[in-house]
1. For region 217-252, give me the residue count where each residue is in a loop (DSSP other than H, G, I, E, B), touching a residue at least 60 places away in the same chain (Cβ under 8 Å) and in contact with a strand residue (DSSP E or B) (Cβ under 9 Å, 6 or more places away or on another chain).
2. Of all the residues that make up region 177-216, how many are surrounded by 14 or more Cβ atoms within 10 Å (Cβ to Cβ), touching a residue at least 24 places away in the same chain (Cβ under 8 Å) and assigned to a helix (DSSP H, G or I)?
3. So which residues in region 12-44 are in contact (Cβ under 8 Å) with a residue 60 or more places away in the chain and out of contact with any helix residue (DSSP H, G or I) (no Cβ under 7 Å at 6 or more places or on another chain)?
């Protein structure tokens with residue numbers, strides 16, 4: 001872990017409680033072969049602006065958890081070398097602790113079934129800016145005709161609402177952030193792949209903040225993703241025992257009623273133009 005103490009590491013990654021004890025146990029002995037292979041993959045991806053998660057490469061979930069823990073200080077130093085403020089680095093790396101807690105909610109145990117998602121964080125090109133996360137990738141990775149262009153992939157953390165004001169601020173700050181820290185990779189467009197962009201959702205909840213968010217995007221296409229709405233609404237893996245899930249909110253009811261009626265939730269793939277950052281007054 002280099003020159004960072006374990007308590008500092010866990011603070012950076014927002015790991016605490018039972019997860020901190022389990023992570024400390026993983027770090028209590030030298031890394032095994034699987035962890036070393038995973039670390040090699042992470043080193044190769046750092047600064048390369050990958051658009052996809054790392055493959056398992058024969059490593060176990062536990063190997064990847066340990067590799068993420070050991071590699072996080074490297075990513076933090078990479079961010080600082082780019083002039084990224086420490087708090088901005090910590091804001092995205094805290095997803096490690098968040099996903100450990102989500103795993104406990106979903107599976108009732110220590111683990112990280114979303115380890116592949118977190119390999120994007122370890123490549124150093126995704127940041128949380130306000131309400132949203134932004135993933136800087138080459139345009140051709142998102143279907144753009146221009147291979148030398150850059151776009152921001154938008155991801156939606158689970159905490160907080162999606163009020164138009166919050167989203168406006170996040171988009172504005174993101175443009176300023178990437179213009180400042182990645183001036184040679186100018187972006188003017190962003191993309192989002194999410195079940196929240198499924199037109200069915202906006203049709204059923206037209207006055208919701210989710211619908212307002214979806215209307216920002218030009219919808220390019222949809223693809224079937226039956227489990228996404230269930231997982232992100234309820235943190236429930238699979239399509240079994242849906243009758244045991246709560247129907248307390250309008251969103252919960254819409255998600256489950258569509259499935260009850262034989263419908264299939266989809267992933268909406270859309271894009272939007274990010275307005276130029278406003279010039280600062282002298």
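None of the figures in this text is laboratory data; all of them are computed from the coordinates on show. None of the values given here were measured: they were computed from a predicted structure. Ideal geometry is used to build each Cβ from the backbone, glycine not excepted, and the neighbour counts take in all protein chains shown.
1. Result for region 217-252: 0.
2. Total satisfying the criteria: 15.
3. Matches in region 12-44: 18, 22, 41.
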